[in-house]
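Inspection log for the structure reproduced underneath, given as structure tokens.
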Amino acid sequence: MANILIIDDEDTYLELCERHLSEHTFVPPARNFREAKERLASSPVPIELVLLDVHFNIEEAELLPADKSGLKGSQREVTERLRRTQGFKILEALRPGYPDLPVVVMTSVEDLPIGLDAERLDAEDYTYLLDDEYLDARALRVQVQSILRQREDSREDETFYWGTTRVMRSLRQRLSVLARGQLPLILTGPTGSGKSLLAREHIHRRSGRSGDFVAVDLSTLPESLMAAHLFGVVKGAYTGATANREGVIERAKGGTLFLDEIGNLSLELQKSLLLVLQDHKYRPVGSVEEHSSDVKLVVATNEDLGLMVRDGRFREDLLMRLNPATAVRLPSLRDRKDDFEELLAYFLRRVCAHGYNKDLLARYAHRHGLSSGEDGLEVAVVTQKPGAAQPGRLTFLLHKSSAGSLREFEWPGNFRQLEMVLSNLVTFTLVSLVEDAGAPSPVSANAATIRTDVVPFPVKTVVELLRGFSVEEDASGGDEDAVEVLVRAHESLNAVSCDVERQYLERLYLKYDGDLDRIAELLLEDGSAGRKVQLRMNQLGIRLRVLQRRVRS
Ligand SMILES: Nc1ncnc2c1ncn2[C@@H]1O[C@H](COP(=O)(O)OP(=O)(O)OP(=O)(O)O)[C@@H](O)[C@H]1O
Ligand SMILES: [Mg+2]
């Protein structure tokens with residue numbers, strides 16, 4: 001059962017739906033864009049699906065766009081045209097605010113063709129009404145049920161985060177189809193891109209197979225044990241084989257067998273695997289008897305199997321059997337710049353929900369009275385100081401330079417690495433606040449502006465964590481905040497240190513384009529203390545106006 005909003009200027013669809021889809025709840029219909037916006041924003045129940053008409057015979061003033069001055073044609077022509085395509089104008093205006101809302105576009109046959117617009121605006125599907133109530137209702141019912149089922153499924157695999165980009169959405173759809181088929185599936189992608197997680201959480205679940213999911217990492221299995229591990233072994237086959245032992249191909253019978261790093265399989269075992277794929281037949285080590293097992297095979301690799309075939313390291317017939325035409329490549333984290341902020345928020349929530357971080361958060365919340373009962377604390381990450389505090393919410397503040405560093409980082413270990421960095425970041429940030437009872441307030445020492453619901457991530461910690469993961473160190477030892485200063489002889493040690501400090505601040509000022517808050521965050525771990533840095537620079541006789549000119553030039 002779902003809450004459905006119908007956007008339509010007439011009651012045709014509403015009547016049809018209420019009669020034939022009576023298990024769902026229909027919120028009062030919206031007659032135009034203004035009403036649709038209002039319903040979506042203030043409906044007392046969450047709206048889970050929208051059915052949208054295309055043709056709207058409404059007053060000109062209600063038609064989108066509000067400003068029609070630039071549109072070609074006479075006023076009558078413009079109005080007519082807008083009425084005929086109003087549904088898409090409405091969807092176009094609603095989409096940015098509701099990127100995930102499923103919308104079924106409904107139209108009659110005369111309004112063809114609408115497919116292209118529907119796709120561009122991420123409409124879930126479109127349906128033609130046929131002047132045959134029975135057929136219409138049946139088609140609609142199938143559509144609505146399938147959309148709602150997909151929504152349930154996506155709740156299920158929350159452990160694999162898909163994000164909202166079109167690329168990932170179509171990858172997800174494609175994988176759902178491939179998961180249900182009988183054919184094997186190749187997953188490629190760099191380390192940490194989610195191949196193993198995807199095989200377990202998405203593909204096996206969607207396969208509809210009743211057997212188990214069994215995973216084997218061939219990169220960690222000694223070659224001498226591989227055959228027995230895969231195919232099983234009979235008692236006495238070799239010294240040490242003291243009993244019959246089942247292999248993973250047997251254990252995955254009727255289910256999914258995931259072979260990770262398939263490139264590590266010897267040529268001989270590749271041949272045996274080919275037989276499993278061709279005839280579902282295999283022979284345990286030391287056995288004369290053939291066994292049979294029907295598994296859905298999913299393999300993953302970091303390597304280019306085509307290249308391995310050319311080098312004679314992988315059997316071409318096996319590669320062909322593995323269905324290479326539908327191989328799925330998972331993008332690296334570097335290729336996910338479009339939804340990087342959302343990924344950050346997702347992984348942050350995830351690292352806060354487990355283990356030590358969960359404990360630290362609970363202690364922090366308890367200490368500052370932020371607890372929110374059963375559901376625990378909601379965490380968010382922002383790059384600008386948030387508005388008013390919200391009960392039960394803790395906001396991590398990421399300085400914009402840190403956000404930039406995270407975004408631009410190479411991430412050779414992809415999502416695995418992002419998760420580790422964020423987990424460490426939360427731990428290091430919270431541990432000092434929780435364990436040090438006398439710690440200063442998180443945001444500012446000024447009592448009037450104390451915001452215990454906002455915790456800044458120290459820029460230094462971000463820099464250090466990323467540096468710890470950098471493969472190559474540059475000449476400055478990999479420290480991106482290092483600057484060079486010249487130590488000159490002076491009459492006193494104090495004069496030397498003032499000179500060094502002056503040069504240091506000048507260099508930082510130039511390096512960070514005069515962003516004093518950024519320097520304060522780095523030096524004082526307080527991103528709002530730019531004023532203090534400025535005072536110190538004045539004390540040291542630094543002429544800010546001259547520096548400012550250099551920054552601008
Ligand atoms: N889309 C995702 N949603 C949620 N977590 C993810 C996602 N992708 C990767 N991860 C996280 O990254 C970790 C690494 O993922 P996984 O082990 O599936 O990568 P892999 O591609 O199999 O890497 P390898 O090639 O090293 O075996 C997982 O434990 C998971 O926590
Ligand atoms: Mg893996």
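The values are calculated or read from the model by the stated rules, or taken from the named source; none is laboratory data. Note that the structure is a prediction, hence the values are computed from the model and not measured. All Cβ positions, even for glycine, are placed from backbone atoms using ideal geometry, and neighbour counts span all protein chains on display. Quick note on the areas: whole protein, heavy atoms, side chains included, nothing else; ligands and nucleic acids left out. Shrake-Rupley method; radii C 1.70, N 1.55, O 1.52, S 1.80 Å.
Only a single item in (1) touching a strand residue (DSSP E or B) at 6+ places or on another chain (Cβ under 6 Å); (2) among the small types (Gly, Ala, Ser); (3) surrounded by 15 or more Cβ atoms within 10 Å (Cβ to Cβ) is not met by SER292, and it is number (3).
With respect to LEU14, is the statement that it is within 19 Å of GLY97 (Cα to Cα), assigned by TED's automatic domain parsing to the domain that holds ALA137 and in contact with a strand residue (DSSP E or B) (Cβ under 8 Å, 6 or more places away or on another chain) true?
On the way: within 19 Å of GLY97 (Cα to Cα): no; assigned by TED's automatic domain parsing to the domain that holds ALA137: yes; in contact with a strand residue (DSSP E or B) (Cβ under 8 Å, 6 or more places away or on another chain): yes.
Taking the combined requirement at face value, the residue does not satisfy it.
Is it the case, given these coordinates, that GLY263 is within 16 Å of ligand 1 (Cβ to nearest atom) and in contact with a strand residue (DSSP E or B) (Cβ under 9 Å, 6 or more places away or on another chain)?
Details: within 16 Å of ligand 1 (Cβ to nearest atom): yes; in contact with a strand residue (DSSP E or B) (Cβ under 9 Å, 6 or more places away or on another chain): yes.
Criteria met by GLY263.
Do we find that GLY254 is over 27 Å from THR191 (Cα atoms) and more than 15 Å from ligand 1 (Cβ to nearest atom) in this structure? Yes. Of the residues making up segment 274-313, just one is more than 25 Å from GLY255 (Cβ to Cβ) and either outside the structural domain of VAL216 (by TED's automatic domain parsing) or within 16 Å of ligand 2 (Cβ to nearest atom) (or both), namely GLU303.
Need at least 2 residues that are within 14 Å of ligand 1 (Cβ to nearest atom), open to solvent by less than 50 Å² (accessible area, probe 1.4 Å) and out of contact with any Cys (no Cβ under 8 Å at 6 or more places or on another chain) per element, so show me which helices (runs of 4 or more DSSP H) inside segment 329-429 make the cut, counting only ones lying wholly within it. Write out each step before concluding.
Values: elements: 340-352, 355-367, 400-408.
Ranges flagged: 340-352.
Considering (1) farther than 25 Å from PRO412 by Cα; (2) more than 16 Å from ligand 2 (Cβ to nearest atom); (3) modelled with pLDDT of 80 or more; (4) not acidic (Asp, Glu), the lone condition that THR165 does not fulfil carries the number (1).
Residues being of a type in the set (Asp, Glu) and loosely packed, with under 13 Cβ neighbours inside 10 Å: count how many of those fall in segment 236-279.
Within segment 236-279, residues that are of a type in the set (Asp, Glu) and loosely packed, with under 13 Cβ neighbours inside 10 Å number 2.
Looking at segment 179-218, which of its residues are without any contact (Cβ under 8 Å) to a residue 40 or more places away in the chain and either within 15 Å of ligand 1 (Cβ to nearest atom) or within 20 Å of PRO324 (Cα to Cα) (or both)?
ALA179, ARG180, GLY181, LEU197
Scanning segment 173-217 for residues that are of a type in the set (D, E, K, R) and away from ligand 2 (no atom under 11 Å from the Cβ) gives ARG174, ARG180, GLU201, ARG205, ARG206, ARG209, ASP212. Taking segment 214-242 as the range and being within 24 Å of VAL177 (Cα to Cα) and in contact with a Lys or Arg (Cβ under 6 Å, 6 or more places away or on another chain) as the test, only VAL214 passes.
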